């Protein structure tokens, strides 16, 4: 199920912003925060749809998001990711 107001449920809610807006190897630590986040997909859709340039969002670095956007310039990442999340949920039942 898609969460509209995802930010309050984010795993990074308790993290310091400086922990998520890092460079180099430190990004791997930031991505670990996202690994078990219940709203990781919603967060990633937000970053992709709004082309957020900095920080780790939805478990992806800015470089990873830019590469994804270049390869797949879809109109709405929320639609794509919401459909994928729903399909995954149905398959899990």
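Each reported figure results from applying straightforward, stated rules to the coordinates on display, with no laboratory input. These numbers come from a predicted model, not from an experiment. Reconstructed Cβ throughout: ideal geometry from the backbone, glycine too, with neighbour counts over all protein chains shown.
Model label points for residue 1 and residue 91, set 7 angstrom from Cα along the Cα-to-Cβ axis, are 2.2 nm apart. Using a Gaussian network model of the chain in which every pair of alpha carbons under 10 angstrom is joined by a spring, one finds that among 80, 33, 22 the greatest mean-square fluctuation is at 80. The helix-based estimate of mean residue ellipticity at 222 nm for the chain, built from -39,500 (n - 2.57) per DSSP H run of four or more residues and divided by its residue count, is -16000 deg cm²/dmol to the nearest 500.
Helix 77-92 and the longest principal axis of the C-alpha atoms of the chain enclose an angle of approximately 70°.
Considering the chain as a Gaussian network with a 10 Å cut-off on Cα pairs, which listed residue, 51, 32, 14, attains the greatest mean-square fluctuation? Residue with maximal mean-square fluctuation among 51, 32, 14: 14. Legend: ranking of residues 57, 6 from fewest to most surrounding C-beta atoms inside 10 Å; resulting order 6, 57.
What list do you get for 68, 90 if you sort them by fewest beta carbons within 10 Å?
90, 68
One chain, two ends: residue 19 and residue 75. Fully extended at 0.36 nm per residue, the span grows by 17.2 nm beyond their Cα-Cα distance.
Just rank 1, 60, fewest to most, by other beta-carbon atoms within 10 angstrom.
Arranged by neighbour count, lowest to highest, 1, 60 become 1, 60.
Counting only alpha carbon atoms, the long axis of helix 62-71 and the longest principal axis of the chain meet at about 40°. A value for Kirkwood radius over Cα pairs in Å was derived from the coordinates, and within the list (i) 14.1; (ii) 13.6; (iii) 16.1 it appears as (ii).
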